[in-house]
């Protein structure tokens, strides 16, 4: 059984309720579907992104998914002003969600561009959630309406242009900041998109996504 978590943790958000995407966005200059750029963010995640899943490093699996979703990967050394000048949607992907399906990433991009909102992939909360009363754990919180950030986080072009600095690598902090200034849609991700936090989690995810 997973250990109890504290209610009110910054990683928890209300579960999303969103509908289908109405339309696809196009580049005005070329009339082609608007392509996005993206980063696979390994900063602040220790050595875990370089553990193996299905024989590949988590960060490599995440990069493959982003590329298959039609996202042009950008090296993290590229200056932020260069990214903003591109005028494209930005995908931030977490290598600790290495098996996120490309179709889901592409759908998040489409939602962000079509609706001009930030889109965040999330998963339902499975841990036991407890309120904190001083130094003691209090009552159990109903987790049915809660959700946790996984990946991706997609910024539409307008938000990219208005962001002065490279977004923080902490996705929970990033989403909290974005919600203070922009419309943010939380979209429930498939089970394969779950975030790992340990070698044991990787083993579970590997079993869940075993194609055999």
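Counting other Cβ atoms within 10 Å as a rough exposure proxy, the listed residues 86, 208 run 208, 86 from fewest neighbours to most. Among 50, 182, a tally of other beta-carbon atoms within 10 Å of each Cβ gives an order, fewest to most, of 50, 182. Here the simple spin-label model places points 7 Å from the Cα toward Cβ, and for residue 164 and residue 76 these points are separated by 2.4 nm.
Stretched out fully, how many nm does the piece from residue 210 to residue 50 gain, at 0.36 nm a residue minus the Cα gap?
Value of the extension gain: 55.7 nm.
If the chain linking residue 64 and residue 85 were pulled fully straight, counting 0.36 nm for each residue of separation and taking away their Cα-Cα distance, it would gain 5.1 nm.
Only the coordinates and a few stated rules stand behind these numbers; no lab work does. Please read these numbers as outputs of a predicted model, since none were measured by experiment. Ideal geometry is used to build each Cβ from the backbone, glycine not excepted, and the neighbour counts take in all protein chains shown.
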